[in-house]
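Undergrad: First the structure, then my questions, so here it is.
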Amino acid sequence: MEQTEHQNEIQTEDIELELLLEAIFKKFGYDFRDYNKAHVKRRILQRKQSLGLRSLSDLQHKTLHEKGFIDVLLRDLSINVTEMYRDPSFYAAMRNEVLPILKTYPYIKIWHAGCATGEEVYSFAIMLKEEGLYHRTQIYATDFNPVVLETARKGIYPISKIKEFTANYQQAGGTHSFSEYYLAKYDSAILNQNLRENIVFAEHNLVTDSVFAEVHLIVCRNVLIYFNKTLQNRVLQIFSESLIKGGYLGLGSKENIMFTDIYPFFETLDSKNKIYKKKVHLP
Amino acid sequence: MELNNTYKVIVIGTSAGGLKVLKELFAALTPNFTLSVLVVQHLSPQSDGFMAHYLNKLSHLTIKEADAGELLLPNHAYIAPANYHLLVEKDHSLSLSVSEKVSYARPSIDVLFESAAEVFLDQLIGIVLTGANDDGAKGLINIHQFGGLTIVQDPAEAEVSAMPLAAIQTGKVDHVLGMSEIIKLLNTLSEQNHLGKQRSI
Ligand SMILES: C[S@@+](CC[C@H](N)C(=O)[O-])C[C@H]1O[C@@H](n2cnc3c(N)ncnc32)[C@H](O)[C@@H]1O
């Protein structure tokens, strides 16, 4: 008996969750309806609990009526956890397998989609400098969360993270001393200004916004894991259209284009590090 | 013990000493095991899918690292990858997340247990094995609350007893058992499932 009560409770909660996501989309344009539910629900319930609210309907009321509250939910739902050279082997593979090819282009365009607070973008910037490519590269770094983009633009990170960043940098095959790239000031590490010269940080929502033109490399890591199959296909389609023929796509270590619609148009360059190449001769 | 066998899925959490007991467990589960198993073992962030490979070789079950989006199958065990939380969706597919560590852990046992609890209700068995912290205790409460079965490795036998003890302290544990008894119980459940199927043919 207790159980059916639970089932009933869960069902009600799921309905309320759907309504809340609908409300967020209708009112603010952020579309979480095709995100994986387990995770969204976990975050939303945590928020409900920390506010001491009775139900998700109350949370919906707050979202619609309380000015600025959407920013709190946006923060809850966009997981911004990141680090420099996360998964060093991915960066090593990029340096060894992809950059040598990109070198052959006179001008290079790179798109970091879902760049969060920018650590991934600066990791690439450093690598491009070391490979002598930076000066002819244009980097677009996008995220749908304006708050994290602000941090990304500043390029200032807690000094406490530098130890991990440095270890990652070395494992990723960095050729200099990592300390050359930042200035330590109080408890902050300020990344060198010149790393930012060719980076444009911009708001872009992968669910609702459109393609970029003629990109040589797209890096989108640990974003697709939050999307359901339909949404993954839609976003991958956007990536496929944005890439030049022979362009590269780098995903997170647990993301994969196998079993998605774009698979026939790509070849696998590195299956462990999830690096794909758009075919030159499309089927 | 008398059990009303509705079980389809097992979630297991362990940390220090875990590899040894997981090895013992997976080596002993019977062929054509009818349940699906999900495992969170706290690992170092760099571990490279080694454990899944290793366990897969010594087990009748197919054991692999969990991929985002894959559907749970019987006779399969899925290990949470290092640095990702593992969750279960309503449609019984798996989800991964890199969100913040929960009580210093990613993957977190509580995160898996909590999400599985409300998807599988009384079809779920939650097991906490040897380990050095209290991850999993909260999750077991959830499993219990939603009608699942909760089992903890006997702390007297566990290599590190802190995690089993913390779980027992919740007061929501159905059985405290040694490894060999846990194995026997799970194999019995699988066997019953087979018989049940035969009878219904
Ligand atoms: C876990 S972070 C990944 C950061 C970095 N790429 C890495 O792998 O370390 C995921 C990022 O995706 C962003 N994101 C989520 N949904 C998005 C969407 N629909 N459009 C653009 N960015 C999105 C979040 O704001 C967050 O910053």
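We did not get these values from a lab; they are worked out from the coordinates using the rules stated. Keep in mind the model is a prediction, meaning the values are calculated, not measured. Cβ sites come from the backbone with ideal geometry, for glycine too, and all protein chains shown count toward neighbours.
Undergrad: Could you work out the relative contact order of region A:88-278, using alpha carbon pairs under 8 angstrom and six or more residues apart, expressed as a whole percent?
TA: 23
Undergrad: Which residues does the label zone of B:PHE50 cover in region B:69-92, counting backbone N under 16 Å from a point 7 Å along Cα→Cβ?
TA: In region B:69-92, the label zone of B:PHE50 (backbone N under 16 Å from the point 7 Å along Cα→Cβ) covers B:81-83.
Undergrad: Extending each Cα 7 Å along its Cβ direction at A:ASN96 and A:MET258, get the distance between those two points in nm, one decimal.
TA: Here the modelled spin labels are 2.2 nm apart.
Undergrad: Under the rule of at least 5 residues apart or a separate chain, name every residue whose amide H is placed under 5 Å from the amide H of A:SER78.
TA: Under 5 Å from the amide H of A:SER78: no residue qualifies.
Undergrad: Further question: Could you work out the Rg to Rh ratio of region B:9-200, with Rh taken as the Kirkwood radius (inverse of the mean 1/r over all Cα pairs)?
TA: Looking at region B:9-200, the ratio lands at 0.93.
Undergrad: So what does the Cα-only Debye profile of region A:45-104 read at q = 0.17 Å⁻¹, as log10 I(q)/I(0), no solvent term?
TA: One equal scatterer on each Cα of region A:45-104 leads to -0.65.
Undergrad: Also, quick follow-up: Regarding region A:45-183, what are the three Cα extents along the principal axes, ordered largest first, in Å?
TA: Cα extents, longest axis first: 57, 32, 25 Å.
Undergrad: Can you give the mean number of other chain Cβ atoms that lie within 10 Å of the Cβ atoms in peptide A:73-81?
TA: Counting other chains' Cβ atoms within 10 Å and averaging over A:73-81 gives 2.
Undergrad: State, to one decimal in nm, how far the label point of A:ASN198 lies from the label point of B:LEU165, with both points 7 Å from Cα in the Cβ direction.
TA: Inter-label distance under the simple model: 5.8 nm.
Undergrad: Two-decimal Rg/Rh of region B:127-201 from alpha-carbon positions, Kirkwood Rh?
TA: Rg/Rh for region B:127-201 comes to 1.09.
Undergrad: Here's another thing I want to ask about it. Which is farthest toward the positive dipole end of chain A among A:GLN11, A:LEU224, A:HIS281, measuring Cα position about the Cα centre, with Cβ charges +1 (Lys, Arg) and -1 (Asp, Glu)?
TA: Positive-end residue among those listed: A:HIS281.
Undergrad: Here is a follow-up. Binning every alpha carbon pair distance of region B:77-180 at 5 Å from zero, what are the percents per bin?
TA: 2, 15, 23, 24, 21, 12, 3, 0
Undergrad: Enter the mean number of other protein chain beta carbons within 10 Å of the beta carbon of each residue in A:244-255, as an integer.
TA: What the average comes to for A:244-255 is 2.
Undergrad: Also: Peptides B:25-33, B:132-140: what's the order by average Cβ count within 10 Å, highest mean first?
TA: Output ranking for B:25-33, B:132-140: B:132-140, B:25-33.
Undergrad: Over all directions, average the projected area of the Cα convex hull of region A:2-77 and note it in nm².
TA: 5.0
Undergrad: Can you tell me the dipole magnitude for chain A around its Cα centre, using point charges on the Cβ only (Lys, Arg +1; Asp, Glu -1), in Debye to the nearest 20?
TA: Computed about the Cα centre, the dipole is about 580 debye.
Undergrad: Take A:ILE225, A:ILE70 and order them by how many other Cβ atoms sit within 10 Å, fewest up front.
TA: Placing the least packed residue first, the sequence is A:ILE70, A:ILE225.
Undergrad: Let me ask something additional. Debye calculation, C-alpha points only, no solvent: report log10 I(q)/I(0) for chain A at q = 0.07, 0.12 Å⁻¹, in the same order as the q values.
TA: Treating every Cα as an identical point scatterer, log10 I(q)/I(0) equals -0.30, -0.81.
Undergrad: Before rounding to the nearest 500, sum -39500 (n - 2.57) across all DSSP H runs of length at least 4 in the protein assembly as shown and divide by the residue total; then give [θ] at 222 nm in deg cm²/dmol.
TA: For the protein assembly as shown, the value works out to -11500 deg cm²/dmol.
Undergrad: Averaged over A:37-49, how many beta carbons belonging to a partner chain fall within 10 Å of each residue's beta carbon?
TA: Mean shielding by partner chains, rounded to a whole number: 4.
Undergrad: Please arrange B:HIS53, A:HIS135, B:HIS42 by counting, for each residue, the other beta carbons lying within 10 Å of its beta carbon, fewest first.
TA: Ordered by Cβ neighbours within 10 Å, fewest first: A:HIS135, B:HIS53, B:HIS42.
Undergrad: May I pose another question? Straight-line reach from A:LYS67: which lysines have Cα under 27 Å away, leaving out those fewer than 8 places along the same chain?
TA: Here the lysines satisfying the reach criterion relative to A:LYS67 are A:LYS26, A:LYS27, A:LYS37, A:LYS41, A:LYS48, A:LYS154.
Undergrad: Further question on the same structure: Give me the one-decimal nm value for the distance between modelled label points at A:THR4 and A:LYS27, 7 Å along each residue's Cα-to-Cβ direction.
TA: It is 3.6 nm.
Undergrad: What are the DSSP H helices in chain B that stretch 30 Å or more along their long axis, judged by alpha-carbon atoms, and whose average Kyte-Doolittle hydropathy comes to at least -1.0?
TA: Long hydrophobic helices here: B:179-200.
Undergrad: For a quick protection proxy, order the peptides A:48-58, B:155-165, B:110-120 by their average other-Cβ count within 10 Å, most packed first.
TA: Descending packing order for the listed peptides: B:110-120, B:155-165, A:48-58.
Undergrad: Starting from one equal scatterer on each C-alpha and no solvent at all, send me the Debye-based log10 I(q)/I(0) for the protein assembly as shown at q = 0.08 Å⁻¹, two decimals.
TA: -0.53
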